[in-house]
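Participant: Right, I'll just put the structure down here and ask away after.
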Amino acid sequence: MRVTILQRDIVWGNHELNLSRADKAIDENANADLYILPEMFSTGFCTSPEGIAEIDGAISLQWLKTKAAQTNAAIAGSVAVEEQGRFYNRFYFVKPDGSVATYNKHHLFSYGGEHLKFTAGEERVVVEWRGVRILLEICYDLRFPVWSRNRGDYDMIIYVASWPTPRVEAWKALLVARAIENQCYVAGVNRVGEDPNCQYCGGSSIIDPYGRTIAACADGVECEATGEVDMKSLEAFRKKFPVLSDADPIE
């Protein structure tokens with residue numbers, strides 16, 4: 001499966017411009033099976049979502065459905081959503097047939113006050129796409145290995161993020177750790193640029209189950225990178241070196 005990660009410089013609160021630029025970037029990187037955008041790719045990361053969050057994700061979700069159909073690829077990323085009076089940091093995974101998988105961010109970023117306005121999700125979500133089982137995660141979830149633990153139910157993790165520059169080395173190290181300990185591929189897609197609160201330098205990459213980087217975006221700039229998820233190689237590695245079968249049980 002061919003995966004393209006899209007490291008974006010998100011314009012604060014400007015849905016139309018951010019979607020237009022993402023649309024262009026996808027067109028310029030044709031023939032992927034899956035495109036991944038950062039956390040809150042249409043607005044930038046907000047902890048005060050009033051006036052920014054989309055009602056039921058309508059604007060971004062419609063664009064995701066249209067673009068997935070046009071490209072015959074899945075497109076993924078998170079959006080600030082208002083639903084029945086509550087706010088969610090919602091990960092959308094949209095397939096070309098219009099079907100949608102959603103994951104609401106479980107670990108809200110209390111250091112930045114995200115928990116004060118947003119509602120945490122309670123369910124892990126795994127979606128299957130072109131022979132690959134994919135766990136959906138958002139930013140701060142990366143710091144919590146029990147939540148991300150491979151229970152034999154996925155082959156790849158996606159982390160979409162707005163991870164600030166001062167902590168970017170933790171981001172990079174934890175992406176590698178999650179790939180190694182869960183014997184899976186990991187795609188981490190972070191933003192660049194700045195918003196009213198933070199600066200971001202990216203560090204987006206695709207990591208293989210050995211912890212090796214197979215594709216990466218340059219730090220500090222908008223760019224894209226593409227890598228291959230090789231299921232035959234992954235299955236052979238798991239069979240030869242069965243780490244997951246020796247893991248401690250989760251109570």
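The values are calculated or read from the model by the stated rules, or taken from the named source; none is laboratory data. Fair warning: this is a prediction, and the values are worked out from it, not measured in the lab. FYI the Cβ positions are ideal-geometry reconstructions off the backbone, even for glycines, and counts take in every protein chain you see.
Participant: Test GLU128 against the criterion of being without any contact (Cβ under 8 Å) to a residue 24 or more places away in the chain and in a strand (DSSP E or B), and give yes or no. Working first, answer last.
Facilitator: Details: without any contact (Cβ under 8 Å) to a residue 24 or more places away in the chain: yes; in a strand (DSSP E or B): yes.
So GLU128 passes the test.
Participant: On to the next question. Look through the range 150-166, keep the residues that are buried (at least 17 other Cβ atoms within 10 Å of the Cβ) and in contact (Cβ under 8 Å) with a residue 60 or more places away in the chain, and return whichever of them is farthest from SER110 (Cα to Cα). Even if it seems obvious, please write down each step before you answer.
Facilitator: Of the range 150-166, the ones buried (at least 17 other Cβ atoms within 10 Å of the Cβ) are 150, 154-165.
Imposing the further condition that a residue be in contact (Cβ under 8 Å) with a residue 60 or more places away in the chain reduces the set to 150, 155-156, 158, 160-162.
Numbers: ASN150: 25, ASP155: 29, MET156: 27, ILE158: 22, VAL160: 18, ALA161: 15, SER162: 14 Å.
Out of the qualifying residues, it is ASP155.
Participant: Criterion first (modelled with pLDDT of 95 or more, among the aliphatic types (A, V, I, L, M) and closer than 30 Å to LYS232 by Cβ) does LEU108 satisfy it?
Facilitator: So LEU108 does not fit the description; no.
Participant: Quick one: in the range 47-60, of everything that is under 15 Å from GLU16 (Cβ atoms) and of a type in the set (A, V, I, L, M, F, W, C), which residue is modelled with the highest pLDDT?
Facilitator: ILE59
Participant: For the range 189-204, enumerate the residues that are more than 13 Å from GLU169 (Cα to Cα) and not hydrophobic (A, V, I, L, M, F, W, C). Step through it out loud before you land on a result.
Facilitator: Going through the range 189-204, the residues more than 13 Å from GLU169 (Cα to Cα) turn out to be 189, 191-199.
Hits for the range 189-204 are ARG191, GLY193, GLU194, ASP195, PRO196, ASN197, GLN199.
Participant: A follow-up question, please. Could you figure out which of (1) in contact (Cβ under 8 Å) with a residue 40 or more places away in the chain; (2) in a loop (DSSP other than H, G, I, E, B); (3) farther than 27 Å from ILE250 by Cα; (4) not polar (S, T, N, Q) isn't true of LEU116?
Facilitator: Failed condition: (2).
Participant: List pairs: first residue in the range 167-179 and within 14 Å of SER204 (Cβ to Cβ) and touching a residue at least 12 places away in the same chain (Cβ under 8 Å), second residue assigned to a helix (DSSP H, G or I) and aliphatic (A, V, I, L, M) anywhere in the structure, Cβ distance under 6 angstrom, at least six positions apart or on different chains.
Facilitator: Taking only residues 6 or more apart or on different chains, the pairs are LEU174/LEU142.
Participant: Which residue is nearest to ILE158 (Cα to Cα), if the candidates are limited to the range 1-31 and must be among the aliphatic types (A, V, I, L, M) and surrounded by fewer than 22 Cβ atoms within 10 Å (Cβ to Cβ)? If you could, list the steps in order and put the result at the bottom.
Facilitator: Within the range 1-31, the first condition is being among the aliphatic types (A, V, I, L, M), and the residues that meet it are 1, 3, 5-6, 10-11, 17, 19, 22, 25-26, 30.
From what's left, surrounded by fewer than 22 Cβ atoms within 10 Å (Cβ to Cβ): 1, 11, 17, 19, 25-26, 30.
Details: MET1: 14, VAL11: 23, LEU17: 25, LEU19: 20, ALA25: 19, ILE26: 18, ALA30: 20 Å.
The extreme case among them is MET1.
Participant: Name the single residue that is surrounded by the most Cβ atoms within 10 Å (Cβ to Cβ) among those in the range 86-119 being of a type in the set (Gly, Ala, Ser) and out of contact with any Lys or Arg (no Cβ under 7 Å at 6 or more places or on another chain).
Facilitator: Among those that are of a type in the set (Gly, Ala, Ser) and out of contact with any Lys or Arg (no Cβ under 7 Å at 6 or more places or on another chain), it is ALA101.
Participant: From LEU64, LEU34, LEU17, grab the single residue that is modelled with pLDDT of 95 or more and farther than 27 Å from VAL132 by Cα. Outline the logic, then answer.
Facilitator: Working: LEU64 fails: farther than 27 Å from VAL132 by Cα; LEU34 fails: farther than 27 Å from VAL132 by Cα.
Just a single option satisfies the conditions, and that option is LEU17.
Participant: Looking at the range 20-56, which of the residues that are without any contact (Cβ under 8 Å) to a residue 40 or more places away in the chain and among the polar types (S, T, N, Q) is nearest to THR4 (Cα to Cα)?
Facilitator: Selected residue: ASN31.
Participant: For the range 191-236, how many residues are within 27 Å of TRP129 (Cα to Cα) and either buried (at least 17 other Cβ atoms within 10 Å of the Cβ) or among the hydroxyl-bearing types (Ser, Thr, Tyr) (or both)?
Facilitator: Residues that pass the stated criteria total 24.
Participant: Something else: Can you tell me which of (1) surrounded by fewer than 16 Cβ atoms within 10 Å (Cβ to Cβ); (2) touching a helix residue (DSSP H, G or I) at 6+ places or on another chain (Cβ under 7 Å) is the one GLU83 doesn't meet?
Facilitator: (2)
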